[in-house]
1. Averaged over its residues, how many other protein chain Cβ atoms are within 10 Å of peptide B:156-164's Cβ atoms?
2. So how many Å³ per residue does the convex hull of the Cα atoms of chain D work out to?
3. Per residue of segment A:9-25, in order, report the coupling 6.51 cos²θ - 1.76 cosθ + 1.60 (Karplus, θ = phi - 60°) as ³J(HN,Hα) in whole Hz, putting x for Gly and Pro.
4. Given a Förster distance of 56 angstrom, what is the FRET efficiency for D:Ala125 paired with E:Thr2, based on the Cβ-Cβ distance and rounded to 0.05?
5. Helix B:101-110 versus the longest principal axis of chain B: what is the Cα-based angle in degrees, 0 to 90, to the nearest 10?
6. Determine, from the Cβ-Cβ distance of C:Asp180 and C:Lys98 and an R0 of 22 Å, the FRET efficiency 1/(1 + (r/R0)^6), rounded to the nearest 0.05.
7. At 7 angstrom along the Cα-to-beta-carbon line, where would the label on B:Val18 sit relative to the other copies? Give the distances in nm, shortest first.
8. Output the direction-averaged projected area (hull surface divided by four) of the convex hull of the alpha-carbon atoms of the protein assembly as shown, in nm².
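Nothing in this text is a laboratory measurement; each read-out follows from the coordinates by a stated rule. It should be emphasised that the depicted structure is a prediction, and the values quoted were computed from it without experimental measurement. Please note: Cβ atoms are built from the backbone with ideal geometry, for glycine as well, and neighbour counts cover all protein chains shown.
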Amino acid sequence: MHPQLSPQAELTGVHVDVQRTAVLRGLDLVVAAGEVLGMVGANGSGKTTLLKVLATLVTPVAGTVRVRGPVVLLGHAPALCPQLTLRENLRFVAGLAGRDAAVADASLATVGLAAAADRRADRCSHGMRRRADLARVFVTEPSLLLLDEVQTGLDVASAGLVDHVLEVVRHRGGASVVVSHDRDQVARLTDRVVELVAGRVGPAVIV
Amino acid sequence: MHPQLSPQAELTGVHVDVQRTAVLRGLDLVVAAGEVLGMVGANGSGKTTLLKVLATLVTPVAGTVRVRGPVVLLGHAPALCPQLTLRENLRFVAGLAGRDAAVADASLATVGLAAAADRRADRCSHGMRRRADLARVFVTEPSLLLLDEVQTGLDVASAGLVDHVLEVVRHRGGASVVVSHDRDQVARLTDRVVELVAGRVGPAVIV
Amino acid sequence: MTLFGRRLPIVAAVLLAVGLAAGLAAPPDRIQGNLQRLMYVHVPAAWLAYLGFVITFGASVAWWWRRKPGHDRLAAAAAEVGVFFTGLAIVLGSVWGKPVWGVWWTWDPRLVTTALMFFVYLGYLALRRATLDPQVRARRAAVFGVVAFVQVPIVHMSVLWWRSLHQPPTVLRPGDPTIDHSMLAALLMNLLAFTVVFTVFLRARMRLAAAHDEADATPGPLAGDAVSAPRLEGVTRDG
Amino acid sequence: MTAWLQLVQITRKDLLIEARSGEALLVTTPFGAVALLFVPLAVGTDTPLLREIGPGLYWVVVLLFGLLVTLRHSAVDTPAQIALLRLCGVHPVVRLAGRAVASALLLLAFELLLVPVTVALYDPAPHGWPWLLVVLPLVATGLGLLGTLAGALAQGLDGRTTLGPVLVLPLAVPLLLGATQAPRAAALGHAPWPWLLLMLTVDLIAVLALLLGAPHLEEVA
Amino acid sequence: MTAWLQLVQITRKDLLIEARSGEALLVTTPFGAVALLFVPLAVGTDTPLLREIGPGLYWVVVLLFGLLVTLRHSAVDTPAQIALLRLCGVHPVVRLAGRAVASALLLLAFELLLVPVTVALYDPAPHGWPWLLVVLPLVATGLGLLGTLAGALAQGLDGRTTLGPVLVLPLAVPLLLGATQAPRAAALGHAPWPWLLLMLTVDLIAVLALLLGAPHLEEVA
Ligand code: HEM
Ligand SMILES: Nc1ncnc2c1ncn2[C@@H]1O[C@H](COP(=O)(O)OP(=O)(O)OP(=O)(O)O)[C@@H](O)[C@H]1O
Ligand SMILES: Nc1ncnc2c1ncn2[C@@H]1O[C@H](COP(=O)(O)OP(=O)(O)OP(=O)(O)O)[C@@H](O)[C@H]1O
Ligand SMILES: [Mg+2]
Ligand SMILES: [Mg+2]
């Protein structure tokens, strides 16, 4: 099969338990290459858990998971080391990915934090931490990007950042999954929106 | 002066430093009794810090602060004890406020978490924790309510919760301050919107 | 099927009675006299503790290899029974030590290493108890079940590595056992009886664990179903 | 009146968390027991020597691990939780006092659990043991208070100095001296009052430090 | 090759955090020093007795507080950070090995800082001290590895800081025995090789456990 045509991620009959509680039940999902998929669902319906399954961080108790990486997951809580500065945090990520320190600095400039790069992460405001987390996308260049309500906390000036990030991934042929409770925004950002209901993916949603 | 007419909170010439960094500079603000004040501002402009000043959690280096309580602050991070269940968390708050355990249970039912009341807070989803935090408003009955981007994480069904909470406070003659980056929503929820620029409150914003 | 099974407990009881009778019938020790009869319970208890931990080790390795939940259950049950028999060996040893050595406890390497082995496997059980998720629990327990096993040869060899007070190997050693043959027969009889008791305990624990797992496997309610729409009432909402 | 009820609430919450995590008793106690088991392995297994140093080692273990009990993870409030308490009208003194009471209770349980371990392992001379009934609570109270103070210092001064907890340790020295000397004095037929008085003084100083210091340590920023 | 670079990155990050928070060296070291100071206060200041038990107590303190160094707060990754490492293609073995190297280095510093304290307080007999040059790194390595393993085993559990030590402390006993007996044997004119071999064996077993166990311990849920 041509690589462009094989799906970026494919879940079949996935059952997931978290700490012995049933969260996902017989979930099927295909994320096509190059697509931006929106995902909505009630609180506690398992959206975050589903993203973790897509990132192969959680192993289902049943079902199959096939994902083509590299994957970047931006979760509810930014993955920053509080004692390190923003620059140190991103240089660490760059180092792990085998990339240059300059890439890390450039990514901070892209998200508008060049002047705050030497501030410790625990001395940054909520939105600044969110932005620094988003900067990881420019450092690791994922082909599957998973965003868990990352547009929250971004101010008006940086709201376009999410569009930009999605564009960057799409430009390189990668796919993205965007979880959000803001249905209008999801509809605007994505090609297709699905809803998570009763532990499985429901029919496509028309907003 | 008639109590209804004296402002709920009044800040004059407030200068605030956080860890020796200047955050607020000569800020003046009056929150009138019964009013719902919206507040917007760029990331890192000091909105969260300002709410802490209003809650008298942060002492300014200069300027005067006058606030009539009781105050409830719902911040970026819910104030839940992770090892305790949601019910235990709210009963603890009720106990401190000298109120009945039944009030705590009722508040959880109001936010739609009656069935999840015996789940530990660290086993709840992001939005569930947000809701449980909001339930505190029904337990402590504040006359000044400070909301720091609390509508983020709430699903479509519970989006009305913030309106409701503001209504409850207003109904008892209290005032509220709502911080958010979603200008449309702020405009809808509040009587008046101000913007925080350069460490002080700018002119009223028309959205 | 009952927890203990029907026939095996009866067999165990009969064997225990025969074993004790054999222990009482065997000749008294030349030096220790009748006190020495404690050997017939102390030694099998210690050996079965070893057996328990050997099974835990083997089942943990098997779990790494095959990932069958049954292996995890076996490892857990064997560790529990092993801890029980370790405790028994320590208590019986102390009871024996008081008249023979004059103290309940001494700083003999075998005693200390046995106590540490007890702690290690208590830690194993604590780790299992603290972990809720069955998959995570099985993984971590399997890793620790293998690591912890280092302690068993240390206990066994301790008497050889450090010359000490405690009896050196008299039976479990290369060559002819340095023990009177009628004593040996009584010891073996008791060993058999204790082994059957061990099996009864192990099987009961396994069945209990399997029943628990089955109860967990029955589909519970979805976690998400606990969340409902807010009930916004009580305040008049007149925009 | 309200303050008392709040104090009870806070203590109860701390004990509930402990019951759920078992951090102090289920886990620190075996750690302490293993520490007692380790010393003879390291210093040699000469029985008279051990009998002599047994009670002293017991107190050293109680002091050091006791401080760990009071500084346990679950006894650290997040800024959000401190803010909640303050806005619920809980005075900083009440917050820290509630914590100190919970810690003291846990410490007393910790001490009692380690007594049989020490007796079994070291077989110390049993003279003067009834005085333990007074000494144990005095040490538990003092350590509970000092540990709470240390934790508050570490949190309040975060980023500025990490030496907060270490500054409190020297205050525990008189407790250690009193605890070891009081039963010894009683065994020798002397009155142990001066030692008990010393410990009581430390406890009172700790109470005073909490009362005066707490309002200054509260910092939420 | 990439794995080595990643390991270096992780170790460097851990040491950077330590340099910033000073948790291991600025806080735990004084705690250990105070522990050494407490013992003479508790067991009496009989000089020959102290001289005898000095080296043993040094090693007990190194072991107990050393485990706390390896389990320091700042060495706990949040689930988000573990996820980040995993998605950056860092193998669990590399992650834990990086941490173990950082811990071993910190432990070596910790040991070295406590040596002068012990000498000053206990004035131990100086025989066989050159062997310390071998013994100190062996203990630091073993403890660093065992502590890392403990941290991984107890990751995310309620009582993690205290459950960890209980799991691995008994396994560290051969290290304690080797550390105390090797210089003693050398002082008596025996060859200390068997003891060094014992410690080396523990270190190798710990390495093996980490290599084999790490892939099974990774869990982010
Ligand atoms: C608390 C005290 C004691 C403990 C923890 C203890 C522990 C053990 C253990 C673990 C074994 C199994 C050794 C092996 O085969 O590897 C054992 C065996 C044995 N113990 Fe004890 N023991 C204690 C007291 C005593 C006393 C007081 C005596 C008799 C004076 C005694 C006599 C024996 C004998 C004869 C064996 C069988 C040795 C062999 O044939 O290998 N033990 N004990
Ligand atoms: N550690 C845990 N232990 C037990 N249950 C958990 C745990 N984490 C999550 N859950 C449960 O799993 C369900 C799904 O959680 P998840 O975080 O995936 O929801 P979500 O769809 O992301 O919700 P939200 O919109 O609130 O973020 C919830 O009902 C939650 O209670
Ligand atoms: N603990 C701290 N130490 C030093 N500086 C801090 C600390 N906390 C916040 N700051 C700084 O204070 C400024 C204001 O932060 P604040 O959290 O009030 O911003 P905000 O307006 O709420 O931003 P956001 O929209 O991102 O939530 C930021 O520039 C931040 O870097
Ligand atoms: Mg979520
Ligand atoms: Mg903010």
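1. Per-residue shielding by partner chains comes out at 5.
2. 123
3. 8, 8, 10, 10, x, 7, 10, 10, 10, 10, 6, 6, 9, 5, 10, 10, 9
4. Once the sixth-power term is evaluated, E becomes 0.35.
5. 80
6. 0.35
7. 2.8
8. Taking a quarter of the hull surface, the average projection is 48.3 nm².
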